[in-house]
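Input: a single structure, listed below in structure tokens.
The values are calculated or read from the model by the stated rules, or taken from the named source; none is laboratory data. Note that the coordinates shown come from a computational prediction; the quantities given were computed from them, not determined experimentally. Cβ placement follows ideal geometry from the backbone for every residue including glycine, while neighbour counts extend to all protein chains displayed. When the accessible area is computed, the model is the full protein with side chains, heavy atoms only, and any ligands, DNA or RNA have been set aside. Shrake-Rupley method; radii C 1.70, N 1.55, O 1.52, S 1.80 Å.
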Amino acid sequence: MSSLPRAHELGLIGCHVCGLVCRDVPDLHDATCPRCGAALHRRKLGSFARTWALLIAAFFFYIPANVLPIMRTVSLGDVDDNTILSGVLELWVKGSPDLAIIVFTASIVVPMLKFLAMSLLLISAHRRTAWAQRQRAKLYRLVEFIGYWSMLDVFVVALLTALVQFGILSLVEPLPGVVFFGLTVVLTMLASMSFDPRLIWDSKETHD
Amino acid sequence: MTDQPKPPQGHSDLPEPVVRQRRRFSASAIWLVPVLAALVGLSLVINAWVQAGPTISVSFQTASGLEAGKTPVKYKNVVIGKVTSIRLSKDRSHVITRISLEKNAESFATKDTRFWVVRPRIGLGGVSGIDTLLSGAFIGADVGESKDAEDEFTGLETPPAITHGAPGKSFALHSDDLGSLDIGSPVYFRRIQVGRVASYELDRDGKGVSVQIFIDSPNDGFVTKSSRFWNASGVDVQLGANGLKLNTQSLATVLAGGVAFQDPAGPHDATPAAEDAQFQLFNDQATAMAPPDGEPRYIRMRFDHSLRGLAIDAPVEFQGINIGRVVSINLDYDEKAQRFPLVVGAVVYPQRLGRVHDKLVAIAQARGEDADLAQMMGKLVEHGLRAQARSGNLLTGQLYIALDFIPNAPKVDFDINARPMQIPTAPGSFDKLQEQLGVIVDKVQKIPFDSIGKHLDQTLADLDGTLKQVNGKVLPEFHNTLKGAQQTLGTANNALSSDSPLQQNLGATMQELQRAARSLRVLTDYLGGHPEALIRGRKADPAPPKPTPVDTPTPPPSGPSQPKGSKP
Ligand SMILES: [Zn+2]
């Protein structure tokens, strides 16, 4: 694996936007793609900083997303505010454990795993270790893939809010928690997007 | 990642990147995002911290309807806090709810704040808290004036009838018993609800109850120093000389009880009563509106006959005016007369006689006598005042005591100094009836049934002799006569049998007779209409309308004749 040549070793650079391969130049800071005009860089610019910043921001929003109630259901005047966890608990207690597991996985497990996975990728890439490179690449693809599936809660709240509007009989309103949850999901997606998976392969071993 | 780009090997046709000066964003600008996120999070924390008010604990008998994390605390229907947890007290006798108040409701954590659970309640003049049927129970709060902080409260089991600072006045009513009153029972003035019962308690000595009522402003001004309060509970049905009378303040009072008040008629002190003034709570409107009773006097009456139908509390009337009531009925034994007289004790209120009492007092004083009731009563007894047990209601046979002047009443001794006062009695109307019945019985007894019976006996003996004669002599003769008659009838029978020639001849004769009769009638009818025909002779055929009256009567006689003729 370490014997595989990399683009800049061959004096090549690819455009991130249109994919055009052009010649590597020394002052790459001001170079742009001759075809589409996008800035050229060998690796995504400030990938570490961006990913870290977005990930940390996502984590900051994840706390109120879990503490604040995300949804208010009013049925026959009985007002019920639910946070994510209390909703899961209620589903479990009221006899739909399958739904409870789905919601728990989508709202608690997946975001947590994303935080862990992204942190792992960032730290390992930063250390330029050659440890489990293929697995890390797979993990990254997984994180990218499940990114847009984590909006489950937001979709549920949005759908119910739109559908259940029967005045005093039954009413669902979104509460601030769902905004923070949505922000968390968006920020983790942005974080995973700003991470350059090529960094996984930029290990010390390959360089040596 | 080396900066030395190696020369392209065999890629000479690759395009060169365009190098131009551009403005660049610093990569570190991205750190603004987590800083912003942290700021938002921090603001939430600060907000929550600023919004958080004091936490208090309120104990209730039961947690029914309460739910941790949900049940709100409301003041004037504005949410001021929330129940955060509910737990049993250590001795399990009650529940303790933790309530976190909002920041702006800090003033509710003071000593005289009251908390109660608002649930739907039915009764006490209506249905309350109906909205909680849908929204679930909530905890109501009412804040007082105290500034002393307090964080442990005992919740009320019923909503307070008066919220703090409500405009109005409270008054105290005294009564023998509570009746059907309850906290929240309405208070009526002219059948409009103006207040409610706030609380009640037994008097210290246990001889009555004190009821605290609250009248809302501005109607509290109608409570004057001379206002009379009465218990408006239940239905007051009166069967009187004016027919059936149903009297009730409202349907609610029938269920939940109530108090009504009004000023007495006539001149009275109309200055509004002061806060917490004391009033007597009468049992009914009539008692309440009666003139002031004044000092009660005890009188005693001795009746020599049965008083079946006289009950305790039966009215004592003077000339038809209720002046008191019977308080005791006791049997006594008179050794001399070997009789069992009844001693009736009664309380009378001379002041109920109003002007009469005043006049009597004035007269007595003018004469320089003692204005004592006994003194005056002595005078009245001299003029024939007697107590009588009269029947008040023919249906139920209830008796009442009437003090009335009896004409030709025998003189009695009246002891002025006797205590209690002894009022002489006279037999009641019922006893008079008995007397009259006695007279009738006496008269009936005077009828000489014996001699009547003897005479009757003699007459019957004579009748017996006559009948014997009839049986022996008259009846056989009569028998022979009947036999003779029977024979004659038999002969006649044979002669009249249907196929005998006599019968046939008779039929023909009858027909002839009828024809003759018809002709005769036509003639007489004609002559009735034309008497001149006797002289001038019959006219030619009469005018067309004429025959109708002539002919009409003709068919009936011919009608019956035809069936008769056709028969044989
Ligand atoms: Zn390009």
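Our estimate of slack between B:LYS76 and B:VAL412, defined as 0.36 nm per intervening residue step minus the Cα-Cα distance, is 113.5 nm. Residue-wise HN-Hα couplings along segment B:313-318, as the Karplus relation 6.51 cos²θ - 1.76 cosθ + 1.60 with θ = phi - 60° gives them from phi, are 6, 5, x, 10, 10, 10 Hz; Gly and Pro carry x.
Checking every one of the trypsin sites (Lys or Arg not before Pro) in segment B:258-320 against DSSP loop status and a limit of 12 other Cβ atoms within 10 Å picks out B:ARG308. Placing dummy labels 7 Å off each Cα toward the beta-carbon, the span from B:LEU42 to B:ASP525 is 13.8 nm. Among the GluC sites (Glu not before Pro) within segment B:139-231, those in coil by DSSP and having at most 15 neighbouring Cβ atoms inside 10 Å are B:GLU145, B:GLU150, B:GLU157. Isolated cysteines of chain A, defined as having no other cysteine beta carbon under 4.7 Å away, are A:CYS22. Computed from backbone phi, the HN-Hα couplings of segment B:454-461 come to 4, 4, 4, 4, 4, 4, 5, 5 Hz, rounded to whole numbers (Karplus: 6.51 cos²θ - 1.76 cosθ + 1.60, θ = phi - 60°; Gly and Pro given as x).
Kirkwood hydrodynamic radius computed over segment B:45-115 comes to 12.7 Å, based on all pairs of distinct alpha carbons. What the Cβ-Cβ distance of A:VAL79 and A:TYR148 gives, at R0 = 41 Å and to the nearest 0.05, is a FRET efficiency of 0.80. The simple spin-label model puts a point 7 Å past each Cα toward its Cβ; for B:GLN486 and B:ILE363 those points are separated by 9.7 nm. Leaving ligands and nucleic acids aside, the A/B contact buries around 3500 square angstrom of accessible area in total at a 1.4 Å probe radius.
I'd like the orientation of helix A:152-163 relative to chain A: the angle between its Cα long axis and the longest Cα principal axis, in ° from 0 to 90, rounded to 10. Computed tilt is about 40 degrees. Taking amide H atoms as placed 1.01 Å from N in the peptide plane, the amide H of B:GLY184 lies under 5 Å from those of B:VAL197, B:ALA198, each 5 or more residues away in sequence or on another chain.
Scanning chain A for chymotrypsin sites (Phe, Trp or Tyr not before Pro) in DSSP loops with at most 12 other Cβ atoms within 10 Å, what's the longest stretch left with none? Answer from the scan: A:1-130. Panel note: contact residues of segment B:26-56 (accessible area lowered by at least 20 Å² against the chain on its own; 1.4 Å probe) correspond to B:ALA27, B:ILE30, B:TRP31, B:VAL33, B:PRO34, B:ALA37, B:ALA38, B:VAL40, B:LEU44.
Under the combined filter of DSSP loop state and at most 13 neighbouring Cβ atoms within 10 Å, segment B:343-422 retains these trypsin sites (Lys or Arg not before Pro): B:ARG367, B:LYS411.
For B:THR158 and B:ARG515, the difference between the fully extended length at 0.36 nm per residue and the C-alpha to C-alpha distance is 117.4 nm. Between B:ASP91 and B:GLN51, the FRET efficiency from the beta-carbon distance, with R0 = 30 Å, is close to 0.30. Just to confirm the number: angle between the C-alpha axis of helix A:133-146 and the first principal axis of chain A, 0 to 90 degrees, nearest 10? Value to nearest ten degrees: 40. Compute the acute angle (0 to 90°) between the alpha-carbon long axis of helix A:110-127 and the principal axis of greatest extent of the alpha-carbon atoms of chain A; round to the nearest 10°. That works out to roughly 20 degrees.
On the basis of the beta-carbon distance and an R0 of 22 Å, B:ASN322 and B:ARG191 show a calculated FRET efficiency of 0.30. For the pair B:GLU435 and B:ARG339, label points projected 7 Å from Cα toward Cβ lie 1.3 nm apart.
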